[in-house]
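Heads up: the structure comes next, in structure tokens.
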Amino acid sequence: MDGQENEEPRRGPDGNAPAGRPRRFPPLRRSAAPRPGGRYVGLRRAAVAVAVLAVTLAGVLAGVIVGGNVGTDIGPFHARLSVAPAATGGTTIDIPPLGSLLLDSHDGPTHLTVELGALDQSRVEALIDDPASLNRATQSAVDEVQEGVMRLGLRTVASAVLATLVLALLVFRNTRRAAWAGGLALLITAGSLGTAAATIRPQSIEEPRYEGLLVNAPAIVGDVQKIANDYTRYAEQLQRLLGNVTQLYTTVSALPVYEPEPGTTRVLHISDMHLNPAAWQLIRTVTEQFGIDVIIDTGDITDWGSEPEASYVGSISLLRKPYVYIRGNHDSNRTAAAVARQPNAIVLDNTTTTVAGLTIAGIGDPRFTPDKSTSPASGGLNDPTADELTATGEKLAATIRSSPQPVNIALVHDPAAAGPLSGTCPLVLAGHTHRRQLSKLPEVPGQQPTTLMVQGSTGGAGLRGLEGEEPTPLAMTVLYFDQQKQLQAYDNITVGGTGQAQVNLERTVVTQPAGPPAPVTPTPTR
């Protein structure tokens with residue numbers, strides 16, 4: 001038996017165990033070679049991780065773009081705060097149309113943008129009615145900025161995580177991977193905002209960098225350091241300037257009442273706005289209070305005639321009155337085109353128009369000198385430029401003489417171009433000098449007398465108005481024309497320049513040609 005147990009079973013010719021007996025297999029041995037299905041496990045896991053990271057970054061970017069912004073009130077301003085991915089961080093404060101302030105406020109990878117929008121009229125009126133509230137508004141501005149930034153951060157984190165979760169579910173259709181992507185999005189977004197908060201530098205507000213229109217500030221208002229010192233004072237006084245509007249109402253109500261004849265046409269003459277945003281509010285107030293029919297602008301609405309400045313003229317459409325404009329030496333053809341796009345604007349360039357029964361002729365300044373390069377250091381104009389202005393006046397005089405209708409008002413920017421217009425019309429309006437003047441042009445025998453009215457600066461000469469010891473006042477004039485379109489009276493309105501609060505309105509009833517005869521002398525480019 002023992003021998004039989006140790007005997008190896010016989011095998012058939014094919015090497016298999018004979019039929020009828022159980023088949024025995026040798027034990028399996030693991031091969032040293034990897035299984036074909038496990039060879040790429042590591043690579044597959046790495047690919048999934050990369051895919052999750054890519055989806056997370058795409059979701060964070062989409063969430064920040066869509067939800068990384070919030071509106072808030074800062075003082076009387078409507079402002080919009082937004083964040084965007086960036087390598088160097090920092091903050092941009094957009095102040096349209098003047099340009100931007102760039103602050104090195106924090107380190108990356110997030111950049112904060114604060115865009116100051118329109119003034120809230122109700123809040124401004126509340127500040128005017130309660131002077132003490134102005135101090136409170138100044139103190140609360142910091143709190144309002146902090147609250148806005150906090151809401152912006154929370155909104156950005158929530159938007160980034162939500163966008164990442166939705167995108168991950170659409171791509172992977174796997175809740176576990178979507179959860180990993182959402183958690184990673186939370187870590188990236190919160191970490192980026194936390195880095196900005198941890199590296200914030202409040203003192204950066206003291207060392208801003210100007211871009212846009214303020215890059216050329218030395219040529220506009222002089223020394224850059226002077227701009228930095230005066231800009232805060234200028235911004236603070238804008239509120240006081242709005243208070244002047246209320247004082248204007250008081251002044252008007254206390255004046256001796258002038259009752260225009262039925263059918264009187266009221267014209268508001270403005271000039272040399274030079275990008276001052278406060279001027280628009282004053283113009284709107286006077287337009288509504290005095291029942292203005294037509295607004296006439298004798299040029300220099302901008303400073304450099306650049307494309308970014310064109311947005312400044314958008315306020316023309318808000319006036320809802322015909323706006324007749326000629327180009328000044330600081331206005332480019334692009335400026336004139338931007339004005340012409342306003343639905344209520346009429347741009348004259350050696351042409352005539354009839355508005356509210358008044359026939360008006362005008363021509364743009366022949367120069368484009370935003371850098372004042374044509375003005376010699378000694379002041380005045382050189383002979384070629386003076387001849388150019390005289391030729392411009394002669395061109396407009398020829399246009400007026402060939403007009404089928406008598407011209408009531410002629411418009412030039414520089415009063416040095418007005419001489420040839422004597423006898424062609426009863427009234428010439430001009431600007432450019434930033435000083436209000438009234439005179440009578442030398443009479444031409446056999447022709448009607450012509451009065452020249454030169455307007456001051458409705459924009460207070462813009463930022464350059466801060467250069468002198470006394471700020472340049474804001475000036476405009478309301479002209480009253482009877483049914484025969486003859487000038488009957490005018491109101492000279494002057495609002496004290498930045499930093500001053502007085503308002504003056506001087507009414508003059510025209511009973512005879514105003515002012516002694518005086519030649520028009522060439523004036524320096526401004």
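The values are calculated or read from the model by the stated rules, or taken from the named source; none is laboratory data. What you see is a predicted model, and the numbers here were worked out from it, not measured in a lab. Every residue, glycine among them, receives a Cβ derived from its backbone with ideal geometry; neighbour counts consider all protein chains shown. Keep in mind that these areas ignore ligands, DNA and RNA; they rest on the heavy atoms of the full protein, side chains included. Shrake-Rupley method; radii C 1.70, N 1.55, O 1.52, S 1.80 Å.
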Exercise. Going by the structure shown, is THR92 surrounded by 18 or more Cβ atoms within 10 Å (Cβ to Cβ), at pLDDT 75 or above and of a type in the set (Val, Ile, Thr)?
Worked result: yes
For this session: Filter region 391-431 for residues that are assigned to a helix (DSSP H, G or I), surrounded by fewer than 17 Cβ atoms within 10 Å (Cβ to Cβ) and in contact (Cβ under 8 Å) with a residue 12 or more places away in the chain and give the result.
Result: ALA391, GLU394, LYS395, ARG401
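Here's the yes/no breakdown for (1) part of a loop (DSSP other than H, G, I, E, B); (2) among the acidic types (Asp, Glu); (3) over 19 Å from the mean Cα position of the chain (by Cα); (4) at pLDDT 85 or above:
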site: PRO97; (1), (2), (3), (4): yes, no, no, no
site: GLU125; (1), (2), (3), (4): no, yes, yes, no
site: VAL142; (1), (2), (3), (4): no, no, yes, no
site: THR156; (1), (2), (3), (4): no, no, yes, yes
For this session: Being in contact with a Leu (Cβ under 9 Å, 6 or more places away or on another chain) and open to solvent by 10 Å² or more (accessible area, probe 1.4 Å) is the filter here, so list the residues in region 435-446 that pass it.
Result: GLN437, LEU438, SER439, LYS440
Problem set entry | The listed residue being part of a helix (DSSP H, G or I), open to solvent by less than 50 Å² (accessible area, probe 1.4 Å), modelled with pLDDT of 60 or more and not charged (D, E, K, R), out of VAL70, VAL48 | VAL48
Problem set entry | Single residue of ALA356, ALA361, ALA340 found to be touching a residue at least 24 places away in the same chain (Cβ under 8 Å), open to solvent by 10 Å² or more (accessible area, probe 1.4 Å) and either in contact with a Phe, Trp or Tyr (Cβ under 8 Å, 6 or more places away or on another chain) or within 23 Å of ASN408 (Cα to Cα) (or both) | ALA356
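Conditions tested, residue by residue: (1) more than 23 Å from GLU261 (Cα to Cα); (2) at pLDDT below 95; (3) crowded, with 21+ Cβ neighbours inside 10 Å; (4) aliphatic (A, V, I, L, M).
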site	(1), (2), (3), (4)
THR433	yes, yes, no, no
GLN448	yes, yes, no, no
SER457	yes, yes, yes, no
LEU466	yes, yes, yes, yes
LEU474	yes, yes, yes, yes
GLN500	yes, yes, no, no
THR508	no, yes, no, no
THR523	yes, yes, yes, no
ARG526	yes, yes, yes, no
Exercise. Within region 324-336, can you find the residues that are open to solvent by less than 40 Å² (accessible area, probe 1.4 Å), free of Cβ contacts under 8 Å to residues at least 40 places away in the same chain and either among the aliphatic types (A, V, I, L, M) or more than 12 Å from VAL294 (Cα to Cα) (or both)?
Worked result: ASP331, SER332, THR335, ALA336
Exercise. Residue check: is ILE295 open to solvent by 20 Å² or more (accessible area, probe 1.4 Å), in contact with a Pro (Cβ under 9 Å, 6 or more places away or on another chain), under 25 Å from ASP414 (Cβ atoms) and assigned to a strand (DSSP E or B)?
Worked result: no
